[in-house]
């Protein structure tokens, strides 16, 4: 089984560095995963320690143009490692995920 990890696609990280057609690219890929009953996981950075991306703030929110589904999983992280002190590894093991596809702010 495989899953799509959408990492750090947050409003505050795109204020000064817009990406070409990010909405279409991510929506097309995430739709494929949802249409084939494969998990989509949004991973958001809580940057409170770095004094930005405060949990619940507009900058912290996932890009509003991205399609989100009630079946998607949302995980918060506080380090530059989505597995560090999060439930991501447990979730992936529970779902039997062996292959992970990553989309992040630097890959689109």
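Rule-based calculations on the coordinates, nothing more; no lab input. What you are looking at is a predicted structure, and each value in this text was computed from that prediction instead of being measured. Note that we place each Cβ from the backbone using ideal geometry, even for glycine, and neighbour counts take in every protein chain shown.
For segment 91-101, a residue qualifies if it is surrounded by 16 or more Cβ atoms within 10 Å (Cβ to Cβ) and assigned to a loop (DSSP other than H, G, I, E, B), and exactly one does: 97. Here the condition is being out of contact with any helix residue (DSSP H, G or I) (no Cβ under 8 Å at 6 or more places or on another chain), at positive phi, touching a residue at least 40 places away in the same chain (Cβ under 8 Å) and surrounded by 13 or more Cβ atoms within 10 Å (Cβ to Cβ); of 104, 8, it holds for 8 alone.
Summed over segment 25-64, the residues that are part of a loop (DSSP other than H, G, I, E, B) and farther than 14 Å from residue 103 by Cβ give a count of 16. Taken over segment 78-90, the residue count meeting the criterion of being under 20 Å from residue 26 (Cβ atoms) and either out of contact with any strand residue (DSSP E or B) (no Cβ under 6 Å at 6 or more places or on another chain) or part of a loop (DSSP other than H, G, I, E, B) (or both) is 1. Among the residues making up segment 67-77, a single one is crowded, with 16+ Cβ neighbours inside 10 Å and either assigned to a loop (DSSP other than H, G, I, E, B) or more than 13 Å from the chain's Cα centre (by Cα) (or both): 72.
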